[in-house]
Each structure stands twice: as structure tokens, then as C-alpha cells.
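Here's the structure we're looking at; comments come further down.
The values are calculated or read from the model by the stated rules, or taken from the named source; none is laboratory data. Worth saying up front: this structure is predicted, and the values here are computed from it rather than measured. Note that each Cβ is placed from the backbone with ideal geometry, even for glycine, and that neighbours are counted across all protein chains shown. Note: areas computed on protein heavy atoms with side chains; ligands, DNA, RNA excluded. Shrake-Rupley method; radii C 1.70, N 1.55, O 1.52, S 1.80 Å.
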Amino acid sequence: MKKKVTSTDIAKAAGVSQASVSMILNKKYNVSFSKETIQKVEQTAREMGYNIPKRRPRKDAGNSRLIIVFCPTLTNPYYVMLLQGIEKVAKEKGYAVFTCDTQRELKLEEQYLKMMHTVIPAGIIYTFNPSPVYMQQVEELAKKIPLVIISNRERVEVDAINQDNTKVGSLMARHLLDLGHRDVAFIAPPLTKRQQQRSKRVAGFVEEYEKEGLRGHVIIKAADDALDDQLPSIDSEYRMGYNLTKELLAGPKKVTAFAGLNDMMAFGIIDALQEEKYKIPGDVSVIGCDNIIFSGMSPMSLTSIEHFVPLKGRDACDIIMRKIESFLNTYSDSEPTSIYHIEYEPKLIVRKTTGYVKQKQKKKKKTK
């Protein structure tokens, strides 16, 4: 009679401990294992004819009806729009949403991450890129709990809704170039290392002007890095756009168009220009990004970039629901591995704040 293969036999063949074999084959990741170790143990088990036990859903995960959303701030309508999309799907499926506002502080983000092991929500959605120092921790958490990142950077190793900010910046610049604007300014919040998505949007804008040999015609006006450490208020980005525009207008360099990193900054730009008696778009054009609800309102409807923010929130929550369903209804010997990466193509929305560059009138020569 053929001897039954045990986890001890697999441990000897794979060169690991019996405890490691047990945790890997039973999908218990309270201890981290390298991908190589997991693959080696699973391959050895298959070769030896070991029957891998069916995965049983955790009682706590099955009973949880809570979706946790990590959010860097609630002062920008962009994140409110994301939350609306998330909450719509969650409500339809009978789940509650709890928002963790990190206020862009590493300590708060770390505290919330530690809480996840106690709370054990049904799913987690990051509405921003996790801080690099916590990225590995987030990836480990994603092995135990369905987790989606609404990413503004490079592709990540977990489920993600991606956005190419370089492409967004390029689209903004191309619109202004097509209207004949050669001398332009890009107004931005602090361009710190931890806000790489901002720098990518600026880079995309600048690269488009470089293609036309006009790199020296672009002014990058960014807020001081120290502001990135301050707790944001409801008008922080509007105020940055306003103040930076005022500073630029007081200088010697003149531009015919302004680009705001987002719509809130663009509104600050518009108010600063109007105070100085500039006509928009007669004298100066203004473009923003995000296409928040206020952007389409009269009388100053803003030209902006639409990248379908509420739909990103809905897709992120929909992925969580699919993962939960897959987790609870898996009866095969191994759970299927799937990583979702979704990306929307940004779209230019032309409204009243951009127009063709104002042509300088030539002075007529006096006749004798």
C-alpha cells in the first residue's frame, strides 16, 4: 500500500521546515515567504502527489462588511469624487465604507496600516500611492485582504487603477500649443519626492513644449516644499494657485497661458488674473485638470482634463467585490491568481477659459 505523503516529507524534500510547508500549503501568510520558497514548496508537493487542502474562507473575513479607504485629504474635490464612486458600489453590495484620512502624514498612514490586522476589513482601497516606506507592507497586506490602489505612478504588484500623469500633462500642453501659446506657466503645489504624480504631470507638459523647441518658454512655478508638511485646509490649493500667480505677474516675464496642476489651483489662477484686470481668455488662457463638478459651472467654466474620477472609484470597489466573491467561493485545490490593472484614457474638455493667443498689433508708421 502506497505511503501517504505528509507535510514532513515535503519539508525534507524542499529543504524547509515543516511549519513553513504547513503555512504555505494552507495559504496562511502570518509569516512572510519569498516567491521562490512558495513556488518550491508547491512544486515539490505536486511532484510528490500531495493533496493540497481546500482553502476555507476565514470566518472574520466572511462576516466583515466593511471597506476601508485610505485617503490623503478630504479638502480636494478629486478625492470626494473618488469616494462617491466607491460608496455607490459598496452600498449596492451591502457594504459600509470607512475613510482613513492620512492628511499626507507618514505616522498616520503607519497607524492606520497597523490597525488593519485588528479590524480585518473585507477590502482596502488606497486612493493614492502608498508611501514608498510602506509599499512592501501594503503588498503583504494584499495577500490576506483584497486591496486596490488607485495609482498615479508606475505599475504596482497589486490590483490597481492606473493613471499616466505624463500623458495628462502632455494633453494640457498640446491644447495650449494648438492655440498658439508659446510663453506659458505651469502652477503647481510642492513638487516633493513623495508627490511624484505631480512631477510626472509637469514633466509631461514640459516634454510637449520641448518637442517644439520651446523648453525655455515654459515657467514652472511651484509652492515651497515646506507647505507639503502642513495640514491642508479647504482652500489650500486654491490659495497656492492664487498666490503663485500673483508672484509671477509681479515679475518681468510675461506669459499668454497658465496651466494649473488641478482645477482648484486653476480657480486660484483665474481669480488672481481677474484682480489684475486680465480678460480670460482674451488676454490670458487658463487650463486645469480633474474636471471637478465646479469646473463646468457658469459663468467661468474651466477648460480641464477629464480622467473619469468617479468611475475609478467604482472600478476600485468593483475589483474588491470580485476578489471577495472569488475568495469565498473557491473550492478548487488552489486559489486563482489574478491582478487587475485598469487605465482610462484622459480626455480634453474645452470650455470658456482657453482661446487662441492674442495677436500683437503692429504699430502703424506715421506718414509725413
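From the set of residues in the range 269-287 that are without any contact (Cβ under 8 Å) to a residue 40 or more places away in the chain and not aliphatic (A, V, I, L, M), which is least open to solvent (accessible area, probe 1.4 Å)?
D271
Hey, can you tell me all the residues within the range 245-254 that are surrounded by fewer than 20 Cβ atoms within 10 Å (Cβ to Cβ) and out of contact with any Lys or Arg (no Cβ under 6 Å at 6 or more places or on another chain)?
K246, E247, L249, A250, G251, P252, K253, K254
Scan the range 91-110 for residues that are in contact with a strand residue (DSSP E or B) (Cβ under 9 Å, 6 or more places away or on another chain) and either closer than 16 Å to E140 by Cα or part of a strand (DSSP E or B) (or both) and report the count.
Summing the residues that are in contact with a strand residue (DSSP E or B) (Cβ under 9 Å, 6 or more places away or on another chain) and either closer than 16 Å to E140 by Cα or part of a strand (DSSP E or B) (or both) in the range 91-110 gives 7.
Considering every residue within the range 195-205, establish whether at least one is open to solvent by 40 Å² or more (accessible area, probe 1.4 Å), free of Cβ contacts under 8 Å to residues at least 40 places away in the same chain and either of a type outside the set (G, A, S) or in contact with a strand residue (DSSP E or B) (Cβ under 7 Å, 6 or more places away or on another chain) (or both).
no
Among the residues that make up the range 236-253, is at least one of them within 23 Å of the chain's Cα centre (by Cα) and among the hydrophobic types (A, V, I, L, M, F, W, C)?
yes
What are the residues in the range 85-139 that are open to solvent by 80 Å² or more (accessible area, probe 1.4 Å) and of a type outside the set (A, V, I, L, M, F, W, C), if any? Walk me through it before giving the result.
Of the range 85-139, the ones open to solvent by 80 Å² or more (accessible area, probe 1.4 Å) are 87-88, 91-93, 98, 107, 111, 114-115, 117-118, 132-133, 136.
E87, K88, K91, E92, K93, K107, Q111, K114, H117, T118, P132, Q136 - these are the residues of the range 85-139 that are open to solvent by 80 Å² or more (accessible area, probe 1.4 Å) and of a type outside the set (A, V, I, L, M, F, W, C).
Would you tally the residues in the range 212-236 being in a helix (DSSP H, G or I) and either farther than 16 Å from R104 by Cα or open to solvent by 30 Å² or more (accessible area, probe 1.4 Å) (or both)?
Qualifying residue count for the region: 7.
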